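**Q** Mind having a look at this structure? Questions to follow.
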Amino acid sequence: MRVSTISGLAAAALAAMPSGSASAAGFQLLEQNASGIANAYAGSAAVAENASTIFFNPAGMTQLPARTLSVGLSAVRPSFKFSNDGSQTGALTGGTSDAGGWAAVPNAYLSWALGKDVYVGVGLGAPFGLMTEYDDDWVGAAHSTKFDIKTYNINPSIAWRVNDSLSLGAGVNWQRMDVEYVRRAGIVAAGGFPLPSSFATLDADNDAWGWNIGVLLNLSSATRLGLAYRSSIDHELKGDLTVRGPSAVLNAARSSRAKADVELPDTFILSATHRIDSRWELLGDVSRTGWSSIKEVDIVRTSGASNGATAQVLVTDFRDTWRYALGAAYQYNDAWKLKLGLAYDETPVRDARRRLTSLPDNDRTWFSFGGQWRASKDATLDVGVAYLYIPDTRIENRDTRDPLKGLVKGEYDSSVWILGAQYSVSF
């Protein structure tokens, strides 16, 4: 009865999965469990404390009981407050409210032992996501008013305990990506008259496949090392580019089918955990994300009179990034474990000129804490809170390929709050 109830909660959470708001640098979502929030995801590929290890390192399933279920929910609240400082965008002069907002990131995992040394499992989550939304008349509306990225990931996995010291794991990933991108269009018509209510919207989606592998090494009874790799996933997004506004002629002429190719980055993680004594445990993490796979995004028309023409280019010129995390856990008593963590997360954005209004990203520092309550021998509840400090972020973006967009120049005051809970049970 307990298992069916938890399974129902997981299904309901995933069925209602909303847009994600990027918490890691770029538009990556680290919240593939909520149990790692309190440690700033230090030790993510080595800790293997519940079935969410399927995502971070599938080899970790060999450290779990024969059957385990884990479900969680993270609430992410980014804030992007823009202050204008000399933007040059013609008729567009308005301010804007906070471009960030609350979003939920659910997850669910099931691990099952087929025998003493072979485990299978499946995970559901959303590894990438982004939502920025500005007022329709803000100064940068020709660049973006809304940018919404959703991903849905299903990750069947298998793990093999080679011996007491070495375990191997692998998985495949089916991933769906949905994108909605809205901006002001036709700021100046052919006759030189402004069209203040025209907007272009790209709605596109795609399904694609990737893979992941992991290695878990028990170096001693106190020390564990984890290595994990997730492949890049190439999405060929297809959908509609729709223009709406006061001019029916412009709407019809500029609306068409469209496509855009995006290769989501690969990731590599090296993690370690070390138990100092019966109460204290240290955790560490170094990870690399291959953001350089996204240099630019060409939005190409695939129907109508302009079939084959490039409607717009998003010049990202992302660079690969590194993330470093340290954490600690203290076993207060048989029921409670206290956790804390610190991390530094690099941005893939190179400089203010290449910073997009749709992704006003910058380096961030994580400050995290929380705890784990063992409700019974077979059930635990993890809770965590993280505050992500982001320094003041300059933007001086002028789209040289589309001068009518103008120059967006100013500064963002940004931060992120993350709250989460994870329930795990063996049966």
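The values are calculated or read from the model by the stated rules, or taken from the named source; none is laboratory data. Treat the numbers as computed from the prediction; the structure is a model and nothing was measured. No Cβ is skipped: glycine too gets one built from the backbone with ideal geometry, and neighbour counts run over all protein chains shown.
**Q** Specify the residue that is surrounded by the fewest Cβ atoms within 10 Å (Cβ to Cβ); the eligible residues are those in region 282-310 that are farther than 27 Å from ARG355 by Cα and not small (Gly, Ala, Ser). Don't jump to the end; show me each part of the working.
**A** Initially, region 282-310 is screened for residues farther than 27 Å from ARG355 by Cα, giving 282-285, 302-308.
Checking the rest, the ones that are also not small (Gly, Ala, Ser) come to 282-283, 285, 302, 307.
Details: LEU282: 16, LEU283: 25, ASP285: 28, THR302: 16, ASN307: 11.
Residue satisfying both the conditions and the ranking: ASN307.
**Q** Taking the condition surrounded by fewer than 18 Cβ atoms within 10 Å (Cβ to Cβ), under 28 Å from the mean Cα position of the chain (by Cα), of a type in the set (S, T, N, Q) and under 19 Å from GLY169 (Cα atoms), does SER271 pass?
**A** The answer is no for SER271.
**Q** Can you pull out the residues in region 215-232 that are more than 20 Å from the chain's Cα centre (by Cα) and buried (at least 21 other Cβ atoms within 10 Å of the Cβ)?
**A** Selection gives LEU216, ARG224, GLY226.
**Q** Taking the conditions exactly as written (modelled with pLDDT of 95 or more, closer than 30 Å to ASP240 by Cα and not in a loop (DSSP other than H, G, I, E, B)), does ILE418 satisfy them or not?
**A** Answer is no for this residue.
**Q** Related question: Which ones in region 372-409 are buried (at least 21 other Cβ atoms within 10 Å of the Cβ), in a strand (DSSP E or B) and of a type in the set (Gly, Ala, Ser)?
**A** GLY384, ALA386
**Q** May I pose another question? Surrounded by fewer than 17 Cβ atoms within 10 Å (Cβ to Cβ), touching a Gly at 6+ places or on another chain (Cβ under 8 Å), modelled with pLDDT of 95 or more and within 30 Å of ALA329 (Cα to Cα) - does that describe any residue in region 198-211?
**A** Looking through region 198-211, none of the residues is surrounded by fewer than 17 Cβ atoms within 10 Å (Cβ to Cβ), touching a Gly at 6+ places or on another chain (Cβ under 8 Å), modelled with pLDDT of 95 or more and within 30 Å of ALA329 (Cα to Cα).
**Q** Next question. Any residue at all in region 87-96 that's of a type outside the set (Val, Ile, Thr), modelled with pLDDT of 95 or more and surrounded by 16 or more Cβ atoms within 10 Å (Cβ to Cβ)?
**A** In the first step, residues of region 87-96 are kept if they are of a type outside the set (Val, Ile, Thr); the result is 87-88, 90-92, 94-95.
Filter once more, so that each one left must be modelled with pLDDT of 95 or more: none.
No: zero hits.
**Q** Same structure again: Can you say whether PRO348 is surrounded by fewer than 18 Cβ atoms within 10 Å (Cβ to Cβ), in a loop (DSSP other than H, G, I, E, B) and modelled with pLDDT of 95 or more, as far as the supplied structure shows?
**A** When the stated conditions are applied, PRO348 does not pass them.
**Q** Can you tell me how many residues in region 405-427 are small (Gly, Ala, Ser) and more than 20 Å from PHE367 (Cβ to Cβ)?
**A** So the count comes out to 4.
**Q** Anything in region 327-345 that is more than 19 Å from the chain's Cα centre (by Cα) and buried (at least 21 other Cβ atoms within 10 Å of the Cβ)? List them, or say none.
**A** Listed by number, the residues that qualify are GLY327, ALA329, LYS337, LYS339, GLY341.
**Q** Which residue is nearest to ALA103 (Cα to Cα), if the candidates are limited to region 410-427 and must be surrounded by fewer than 21 Cβ atoms within 10 Å (Cβ to Cβ) and aliphatic (A, V, I, L, M)?
**A** The selected residue is LEU419.
**Q** What number goes with the only condition from (1) of a type outside the set (D, E, K, R); (2) over 21 Å from VAL215 (Cα atoms); (3) not in a loop (DSSP other than H, G, I, E, B) that ALA142 does not pass?
**A** Unmet for ALA142, out of (1) of a type outside the set (D, E, K, R); (2) over 21 Å from VAL215 (Cα atoms); (3) not in a loop (DSSP other than H, G, I, E, B): (3).
**Q** Restricting to region 317-347, name every residue that is among the polar types (S, T, N, Q) and touching a strand residue (DSSP E or B) at 6+ places or on another chain (Cβ under 6 Å).
**A** Scanning region 317-347 gives THR321, GLN331.
**Q** OK, next. Between GLU236, GLU296, GLU281, GLU263, which is among the acidic types (Asp, Glu) and over 25 Å from the mean Cα position of the chain (by Cα)? Can you show your working first?
**A** On the way: GLU236 fails: over 25 Å from the mean Cα position of the chain (by Cα); GLU296 fails: over 25 Å from the mean Cα position of the chain (by Cα); GLU263 fails: over 25 Å from the mean Cα position of the chain (by Cα).
Unique residue meeting the criteria: GLU281.
**Q** Could you please find all residues in region 265-285 being out of contact with any Gly (no Cβ under 9 Å at 6 or more places or on another chain) and of a type in the set (A, V, I, L, M, F, W, C)? Can you show your working first?
**A** Step one: filter region 265-285 for residues out of contact with any Gly (no Cβ under 9 Å at 6 or more places or on another chain), giving 275-280.
Within region 265-285, ILE276, TRP280 qualify.
**Q** Go through the residues of region 152-159 one by one and say whether even a single one is surrounded by fewer than 22 Cβ atoms within 10 Å (Cβ to Cβ), touching a strand residue (DSSP E or B) at 6+ places or on another chain (Cβ under 6 Å), among the hydroxyl-bearing types (Ser, Thr, Tyr) and not in a loop (DSSP other than H, G, I, E, B).
**A** yes
Matching residues to (1) modelled with pLDDT under 95; (2) touching a Cys at 6+ places or on another chain (Cβ under 7 Å); (3) among the aromatic types (Phe, Trp, Tyr); (4) under 28 Å from ILE390 (Cβ atoms):
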{"site": "GLU49", "(1), (2), (3), (4)": "no, no, no, no"}
{"site": "PHE55", "(1), (2), (3), (4)": "no, no, yes, yes"}
{"site": "ALA59", "(1), (2), (3), (4)": "no, no, no, no"}
{"site": "ALA66", "(1), (2), (3), (4)": "no, no, no, no"}
{"site": "SER70", "(1), (2), (3), (4)": "no, no, no, no"}
{"site": "PRO78", "(1), (2), (3), (4)": "no, no, no, yes"}
{"site": "LEU110", "(1), (2), (3), (4)": "no, no, no, no"}
{"site": "ALA126", "(1), (2), (3), (4)": "no, no, no, yes"}
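**Q** Those residues that are surrounded by 18 or more Cβ atoms within 10 Å (Cβ to Cβ) and not basic (Lys, Arg), I need them from region 252-262; list them, please.
**A** SER255, SER256, ALA258, ALA260, VAL262 - these are the residues of region 252-262 that are surrounded by 18 or more Cβ atoms within 10 Å (Cβ to Cβ) and not basic (Lys, Arg).
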